[in-house]
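S.K.: I am attaching a structure below and will ask some questions about it afterwards.
The values are calculated or read from the model by the stated rules, or taken from the named source; none is laboratory data. Quick caveat, the model's predicted, so the values are computed rather than measured. A quick note on method: Cβ atoms are made from the backbone with ideal geometry, for glycine too, and the neighbour counts reach across all protein chains shown.
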Amino acid sequence: MRNTTPLERPAKYGDRALMTKEEIAAENKETQIGRDKRGARGTAEDVAGAYGAEWWERGLSDGRTSLIYDPPNGKKPPLTPDGKRRAGLRNEGIRTDGPYYGPEDLDLYTRCIVRAPVPRLSSGYDNNFEIVQTPGYVAIVQEQMHETRVIPMVTAKDKRPHLDRDVRQWLGDARGHWDGETLVVETTNFNDRTSFEGATKNMVLVEKWTRVANDKIDYRFTVSDPETWTTPWSAAIAWNKGGTVYEYACHEDNFGLYGILSGARADEQKAAAKAK
């Protein structure tokens, strides 16, 4: 599902839902250049750019100015007062700048617990999925951190209600059904340790997958959370057929975690020495 189309529409496009051919070409050229771009030597930007183009799979523009198509302005709806308040609070699912007293002070991604909540958006790499179907279930394997969403299929004979509201899960509790050729999945029961775009654990996610060609699936989702946004909103992403999904081994010893924590201890020792 890799692409560089932003979730929200940049102001420079105004009310336009589509880019011109010239704008698409310029955007794609910048993406190709940016994969090998480095910052000033020794800066955080330089370290972040240490991976060359062979590491990235950012994809290219799909010609739209935003993934969001509802509201038509390509923007998320306004936040509620409580949504604004929570936007300024620390979120365990998002990387912070410390202080790092222990592993729990780092974000969930760095600790290899979960990459991000659903729905997943395209990132720099590892944007692949594998879909497996059986008569009673659909399983979706997510390349990074290789989580698997096991989705029970609801039928007239097997209603399969959602789990009790007290049971909360990293990727929520999903229930699916077929609407003609479209797989529809409703997910609830998220936990409060991950958050999609600032939503609460009471967010309701409705996803739709429709095969539109042998090598393409039209994927759409609608997010509803009255505690965060004034109205629901929807986005669409094209899923294109790829090759084999390989193991994503996040924890082949997490040297980054060691480095961050040992660096924090070193800073504390320096500060203590100066205080004497």
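S.K.: Please go through the stretch 86-121 and give me each residue that is part of a loop (DSSP other than H, G, I, E, B) and aliphatic (A, V, I, L, M), ordered by number.
M.R.: 89, 94, 106, 108, 113, 114, 116, 118, 121
S.K.: Considering only residues that are in a loop (DSSP other than H, G, I, E, B), among the aliphatic types (A, V, I, L, M) and surrounded by 12 or more Cβ atoms within 10 Å (Cβ to Cβ), which ones fall in the stretch 145-165?
M.R.: The answer is 145, 154, 163.
S.K.: Restricting to the stretch 216-240, name every residue that is over 19 Å from the mean Cα position of the chain (by Cα) and over 30 Å from residue 83 (Cβ atoms).
M.R.: 216
S.K.: Got at least one residue in the stretch 198-219 being surrounded by 15 or more Cβ atoms within 10 Å (Cβ to Cβ) and modelled with pLDDT under 95?
M.R.: Step one: list which residues in the stretch 198-219 are surrounded by 15 or more Cβ atoms within 10 Å (Cβ to Cβ), which gives 198-210, 217-219.
From what's left, modelled with pLDDT under 95: 198.
Yes, because at least one residue in the stretch 198-219 is surrounded by 15 or more Cβ atoms within 10 Å (Cβ to Cβ) and modelled with pLDDT under 95.
S.K.: Can you tell me which residue within the stretch 48-86, out of those that are charged (D, E, K, R) and surrounded by fewer than 12 Cβ atoms within 10 Å (Cβ to Cβ), is nearest to residue 1 (Cα to Cα)?
M.R.: Among them, the one singled out is 54.
S.K.: Considering only residues that are surrounded by fewer than 16 Cβ atoms within 10 Å (Cβ to Cβ) and farther than 13 Å from residue 185 by Cα, look in the stretch 126-144 and name the one that is nearest to the chain's Cα centre (by Cα). Steps first, answer last, please.
M.R.: Residues of the stretch 126-144 that are surrounded by fewer than 16 Cβ atoms within 10 Å (Cβ to Cβ), as a first pass: 130-137, 139, 141.
Then keep just the ones that are farther than 13 Å from residue 185 by Cα; that gives 130-136, 141.
Working: 130: 16, 131: 18, 132: 21, 133: 23, 134: 26, 135: 29, 136: 27, 141: 14 Å.
If we take residues in the stretch 126-144 being surrounded by fewer than 16 Cβ atoms within 10 Å (Cβ to Cβ) and farther than 13 Å from residue 185 by Cα, then 141 is nearest to the chain's Cα centre (by Cα).
S.K.: Given the conditions (1) surrounded by 15 or more Cβ atoms within 10 Å (Cβ to Cβ); (2) touching a helix residue (DSSP H, G or I) at 6+ places or on another chain (Cβ under 9 Å); (3) over 23 Å from residue 2 (Cα atoms), which single one is not true for residue 40?
M.R.: Against the list (1) surrounded by 15 or more Cβ atoms within 10 Å (Cβ to Cβ); (2) touching a helix residue (DSSP H, G or I) at 6+ places or on another chain (Cβ under 9 Å); (3) over 23 Å from residue 2 (Cα atoms), residue 40 comes up short only on (1).
S.K.: Continuing with the same structure: Considering only residues of the stretch 169-190 that are of a type in the set (Phe, Trp, Tyr) and either touching a helix residue (DSSP H, G or I) at 6+ places or on another chain (Cβ under 7 Å) or assigned to a strand (DSSP E or B) (or both), which is farthest from residue 211 (Cα to Cα)?
M.R.: Per the stated criteria, the residue is 190.
S.K.: Something else now. Answer with yes or no whether residue 241 is exposed (fewer than 11 other Cβ atoms within 10 Å of the Cβ) and farther than 27 Å from residue 101 by Cα.
M.R.: Working: exposed (fewer than 11 other Cβ atoms within 10 Å of the Cβ): yes; farther than 27 Å from residue 101 by Cα: yes.
The answer is yes for residue 241.
S.K.: Which of the residues that make up the stretch 221-237 are crowded, with 19+ Cβ neighbours inside 10 Å and not in a loop (DSSP other than H, G, I, E, B)?
M.R.: 221, 223, 229, 233, 235, 237
S.K.: Another question, if that's okay. Only one residue in 95, 160, 168 is over 21 Å from residue 235 (Cα atoms) and either modelled with pLDDT under 85 or not assigned by TED's automatic domain parsing to the domain that holds residue 241 (or both). Which one?
M.R.: 95
S.K.: I'd like to check something: does the stretch 103-120 contain any residue that is in the same structural domain as residue 171 (by TED's automatic domain parsing) and over 16 Å from residue 194 (Cβ atoms)?
M.R.: Yes.
S.K.: Run residue 168 past the list (1) touching a residue at least 40 places away in the same chain (Cβ under 8 Å); (2) basic (Lys, Arg); (3) buried (at least 16 other Cβ atoms within 10 Å of the Cβ) and report the number of the one that doesn't hold.
M.R.: That leaves (1) as the condition not met.
S.K.: So how many residues does the stretch 4-28 have that are surrounded by fewer than 11 Cβ atoms within 10 Å (Cβ to Cβ) and not in a loop (DSSP other than H, G, I, E, B)?
M.R.: Total meeting the criteria: 4.
S.K.: Looking at (1) among the acidic types (Asp, Glu); (2) out of contact with any strand residue (DSSP E or B) (no Cβ under 7 Å at 6 or more places or on another chain); (3) not in a helix (DSSP H, G or I), can you tell me which one residue 130 breaks?
M.R.: Result: residue 130 fails condition (2) only.
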